Amino acid sequence: MAEQKYGADLVVESLNNHGVDLVFGIPGAKIDRLFESLEHTAEGRKAPKLIVTRHEQNAAFMAQAFARITGKTGVVVVTSGPGVGNLATGLMTASAESDPVVAIGGQVPRRDLYRLTHQSTNSVALFNPITNFSSEIQDPNNISEIIANAFSAANGAKKGAAFVSLPQDVDDAPVTIEALPQVAEAKQGAASIADLEWLAAQIREAKLPVLLVGARGSDDMTVEALHQLLGETPLPVVETFQGAGVISRDLEEATFFGRIGLFRNQTGDKLLKQSDLVITVGYDAIEYEPRNWNKENQLNIVALDTAPVQIDNNFVPQRQLVGDIAQSLSILSEQLKGYKLPDESRATLKQLKDDLNASDEPTYTPAEGNLNHPLNVIKAIQQRVTDDMTVSTDIGSHYIWMARHFKSYVARHFLISNGMQTLGVGLPWAITAAMVRPNAKSISVSGDGGFFFSAMELETAVRLNLDTVHIVWNDNAHYDMVKFQEEMKYDGESAGVDFGNIDLVKYAESFGAKGLRVNTPDELESVLDEAFNTKGPVVVDIPVDYSHNYELGDKLIQSEG
């Protein structure tokens with residue numbers, strides 16, 4: 001007699017059929033049978049590996065990182081009520097930043113859905129505005145089809161999160177049907193050939209065409225096609241923060257002109273302002289609003305993307321070339337063979353390259369002897385990070401410094417949250433990177449404020465014996481990214497930005513991780529050497545001098561005032 005299957009088993013089969021390797025989450029009574037099916041798989045069946053985390057929000061972050069790094073779909077499973085509620089920030093971040101994630105949340109039994117009962121909440125309504133798909137399973141026989149549609153929605157032209165609500169009695173229900181096989185993903189072709197021919201002609205006629213590459217331009221196939229194009233036709237490229245790493249080492253000198261985001265005062269901003277043709281490649285307006293980089297509304301823009309853009313007063317492309325970006329770039333590469341930038345434009349680019357290089361050098365001496373200059377910290381990290389390592393940055397003042405100055409030469413090896421600028425992503429992302437790229441050390445960087453949004457996951461890193469180095473830029477207990485911007489706005493005053501100090505070394509050691517501290521700048525190199533040579537999780541406390549952070553938002557091009 002065949003062993004009885006339940007709704008939970010059908011969920012697991014559906015995840016298997018969609019090629020899911022890892023599931024992140026935290027259990028609870030309303031979804032415990034699914035966790036039993038994941039962790040205690042019946043003989044002859046298989047299940048994705050379950051990674052139990054310390055907070056549902058961090059589980060969602062880890063699923064997001066899995067998606068961004070691997071190109072596959074991240075999966076997170078949590079219980080009802082507050083478990084589901086704790087997913088909101090992570091799923092909002094994944095949707096904003098084009099990372100495919102499927103979340104499965106427990107729910108009260110169907111009979112209790114509209115009663116004031118323990119943990120009952122309208123979770124589908126909660127996630128409708130912040131996901132690509134949000135649905136509740138009302139019949140056990142619909143489990144597999146709803147999950148299949150969630151995966152499809154998460155992996156559409158504009159990737160993002162999808163949510164499935166699983167009532168307890170559906171999870172527990174006996175089932176006899178089989179899980180649906182994965183339906184092959186709908187494939188796009190290249191953009192219109194006529195439009196690509198037109199774009200090639202526009203580039204040939206332009207004096208200074210520039211590529212602005214964003215998050216959707218950073219997948220493996222697109223980057224390969226971009227490298228082919230630039231290898232034959234070296235056009236200047238500006239990366240968004242989430243486009244980091246699309247320019248390889250061999251292409252850097254001829255094509256890389258920095259990253260742009262947040263404040264309009266970077267070399268890339270200067271280049272865009274002088275360009276007579278800006279081609280956005282997989283760029284999403286949430287990465288860096290057009291009202292910043294096209295403030296004067298004078299740029300000639302063409303959009304190359306997988307989906308139509310959101311049009312606004314400062315983003316009205318002359319044409320939209322919608323389709324598979326990699327295929328479009330490959331066709332464009334053929335049509336541009338033999339093209340070279342005008343001599344005058346190359347002279348302009350030389351000046352901008354000098355400007356970019358000069359920006360990496362410190363312009364002030366730290367105010368106190370124990371403090372490190374941010375650029376010196378970045379240089380020290382840079383010297384130890386190899387191209388196979390992953391660097392994940394949290395949000396805070398350090399993120400501005402890192403996004404502008406840390407060099408990455410492999411796409412999706414420098415992970416940044418720029419759509420939502422979500423505090424707490426750094427350590428969870430690093431944990432995932434250490435799992436899916438086990439042969440290379442995983443580095444994360446945070447401030448002393450953001451670190452404690454997810455610092456409890458150090459236990460997860462220790463439990464899994466992951467090879468991580470988490471570097472904390474310590475500015476002595478301030479939310480400094482808020483602090484310095486408030487001071488710029490309010491005549492040097494700030495509010496709500498102070499908190500208490502925690503001994504980071506003792507904190508790390510209490511979890512079983514190694515804790516290190518840079519007491520003076522002359523210890524920076526040796527302490528980082530020890531951190532990078534240590535197996536297992538390490539936390540490094542580096543006091544930094546943020547006294548000149550107002551300069552990050554200074555010297556704006558056509559002030560955004």
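The values are calculated or read from the model by the stated rules, or taken from the named source; none is laboratory data. Note that the coordinates shown come from a computational prediction; the quantities given were computed from them, not determined experimentally. Here Cβ is always computed from backbone atoms with ideal geometry, including for glycine, and neighbour counts include all displayed protein chains.
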Selection from segment 522-554 of residues over 14 Å from His373 (Cα atoms), modelled with pLDDT of 95 or more and part of a helix (DSSP H, G or I) yields Ser526, Val527, Leu528, Asp529, Glu530, Ala531, Phe532
Residue set Leu458, Leu466; condition in a helix (DSSP H, G or I), in contact (Cβ under 8 Å) with a residue 24 or more places away in the chain and surrounded by 16 or more Cβ atoms within 10 Å (Cβ to Cβ); output residue Leu458
State whether one or more residues within segment 48-56 are touching a residue at least 40 places away in the same chain (Cβ under 8 Å) and under 15 Å from Asp99 (Cα atoms).
no
Output yes when any residue across segment 179-187 is among the polar types (S, T, N, Q), surrounded by fewer than 24 Cβ atoms within 10 Å (Cβ to Cβ) and outside the structural domain of Gln327 (by TED's automatic domain parsing), and no when none is. yes
Of Asp394, Asp343, Asp354, the only residue that is in contact with a Gly (Cβ under 9 Å, 6 or more places away or on another chain) and either outside the structural domain of Val436 (by TED's automatic domain parsing) or within 24 Å of Lys483 (Cβ to Cβ) (or both) is Asp394
Exactly one of Leu230, Leu212 is buried (at least 24 other Cβ atoms within 10 Å of the Cβ) and either part of a loop (DSSP other than H, G, I, E, B) or not acidic (Asp, Glu) (or both), and that residue is Leu212
If we take segment 41-135, then strands (runs of 3 or more DSSP E) inside it with 3 or more residues that are modelled with pLDDT of 95 or more, in contact with a helix residue (DSSP H, G or I) (Cβ under 7 Å, 6 or more places away or on another chain) and not β-branched (Val, Ile, Thr) are 101-107
Okay, strands (runs of 3 or more DSSP E) sitting entirely in segment 254-364 with 1 or more residues that are of a type in the set (Ser, Thr, Tyr) and either out of contact with any strand residue (DSSP E or B) (no Cβ under 6 Å at 6 or more places or on another chain) or crowded, with 20+ Cβ neighbours inside 10 Å (or both), I get 277-281
The one condition Val482 fails out of (1) without any contact (Cβ under 8 Å) to a residue 24 or more places away in the chain; (2) surrounded by fewer than 14 Cβ atoms within 10 Å (Cβ to Cβ) is (2)
Open item on the list: Suppose the filter is in a loop (DSSP other than H, G, I, E, B), out of contact with any strand residue (DSSP E or B) (no Cβ under 7 Å at 6 or more places or on another chain) and either touching a residue at least 60 places away in the same chain (Cβ under 8 Å) or surrounded by 18 or more Cβ atoms within 10 Å (Cβ to Cβ) (or both); does Ile400 pass it?
Closed with: no
Note on Ser95: of the conditions (1) buried (at least 24 other Cβ atoms within 10 Å of the Cβ); (2) at positive phi, unmet is (2)
Among Asn155, Asn149, the single one that is under 21 Å from Ala65 (Cα atoms) and either in the same structural domain as Tyr283 (by TED's automatic domain parsing) or crowded, with 16+ Cβ neighbours inside 10 Å (or both) is Asn155
